[in-house]
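The values are calculated or read from the model by the stated rules, or taken from the named source; none is laboratory data. Fair warning: this is a prediction, and the values are worked out from it, not measured in the lab. In this analysis, Cβ positions are derived from the backbone assuming ideal geometry, glycine residues included, and neighbour counts consider all displayed protein chains. Just the protein is used for accessible areas: all its heavy atoms, side chains included, with ligands, DNA and RNA removed. Shrake-Rupley method; radii C 1.70, N 1.55, O 1.52, S 1.80 Å.
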Amino acid sequence: MKIYDEINENVLNELVDILNNDGLIIFPTDTVYGIACNSFSDKAIKKLYLAKNRSFDKPIGVLTDSMSKINLVVENISSVEKELIDKFFPGNLTIIFNKKKSVSDLLTSGNSTIGVRIPNNEIALSILKSYPYPLATTSVNLAGKKDGTRVSDFISDFKDKVDIIIDGGITKEVPSTIVRVENDKLNIIRQGDFIVK
């Protein structure tokens, strides 16, 4: 495992190689630290669940950086959902969409939906821009433990489970707000520090 405290072209190339080979990476976001893998690799997704001791019946969302990549995993985006994307992405809002059939049921725990977010964090965005697919991403913590907001919070639990950690200092402690649009009505599934207005 390697730890870097900055992002440059060499580090990005290394991260891409790791993701292409079913590896796991950790990086800061605008909420908490995330542990991530290629969202189109079942082998990597299994590793992600096992690294966190996470139950396979709990779905994992994705982070990405653009509308074109959102379209790789989401279908039938409604006008209300598009308005939310335009208004609040990037930011600490996760939207639950209908997923494409090409998205693994392993990632979504058999659900027909998937959570998607574009984070407002330079390190996260530089990584997401360098990769052609959305990254399956969840908070860095063992199941039942507090979310990681600095590398020292999780290094002992994950040092043998991931390939690279990007140390971006201290992040916020509050996870993203999660919403779902149904029949053009906005439902808040989890309230983070982001208020949808």
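Would you mind stating whether L50 is within 26 Å of G169 (Cα to Cα) and touching a strand residue (DSSP E or B) at 6+ places or on another chain (Cβ under 9 Å)? Spelling it out, it is not the case that L50 is within 26 Å of G169 (Cα to Cα) and touching a strand residue (DSSP E or B) at 6+ places or on another chain (Cβ under 9 Å). Test F97 against the criterion of being assigned to a helix (DSSP H, G or I) and open to solvent by less than 20 Å² (accessible area, probe 1.4 Å), and give yes or no. Here the answer is no, as F97 does not meet what is asked. The residues of the stretch 119-141 that are more than 20 Å from F154 (Cβ to Cβ) and outside any helix (DSSP H, G or I), listed by number, are N120, Y131, P132, Y133, P134. Out of the residues in the stretch 177-187 that are at pLDDT 90 or above and in contact with a strand residue (DSSP E or B) (Cβ under 7 Å, 6 or more places away or on another chain), which is nearest to E122 (Cα to Cα)? Per the criteria, the residue is T177. Applying the set (1) of a type outside the set (G, A, S); (2) open to solvent by 30 Å² or more (accessible area, probe 1.4 Å); (3) in a strand (DSSP E or B) to I165 leaves exactly one unmet item: (2). Being at pLDDT 95 or above, part of a loop (DSSP other than H, G, I, E, B) and surrounded by 21 or more Cβ atoms within 10 Å (Cβ to Cβ) holds for only one residue in V103, V116, and it is V103.
State which residue is nearest to R117 (Cα to Cα) when the search covers only the stretch 34-66 and only residues that are in a loop (DSSP other than H, G, I, E, B), of a type outside the set (S, T, N, Q) and in contact with a Phe, Trp or Tyr (Cβ under 7 Å, 6 or more places away or on another chain).
Among those residues, the one meeting the criterion is F40.
Pairs meeting the criteria (first residue in the stretch 62-78 and surrounded by fewer than 21 Cβ atoms within 10 Å (Cβ to Cβ), second residue assigned to a strand (DSSP E or B), beta carbons under 8 Å, at least 6 apart or on different chains) are E75/F97; E75/N98; E75/K99; N76/N98; I77/F97; S78/V181. Once the stretch 8-31 is narrowed to residues that are modelled with pLDDT of 95 or more, part of a loop (DSSP other than H, G, I, E, B) and not charged (D, E, K, R), the residue that is surrounded by the fewest Cβ atoms within 10 Å (Cβ to Cβ) is N8. Among residues of the stretch 148-161 that are farther than 19 Å from T29 by Cα, those with a Cβ under 6 angstrom from a residue that is assigned to a helix (DSSP H, G or I) and at pLDDT 95 or above, sequence gap 6+ or separate chain, pair up as K161/A51. Being in contact with a Lys or Arg (Cβ under 7 Å, 6 or more places away or on another chain), outside any loop (DSSP other than H, G, I, E, B) and surrounded by 12 or more Cβ atoms within 10 Å (Cβ to Cβ) is a property that holds for I178.
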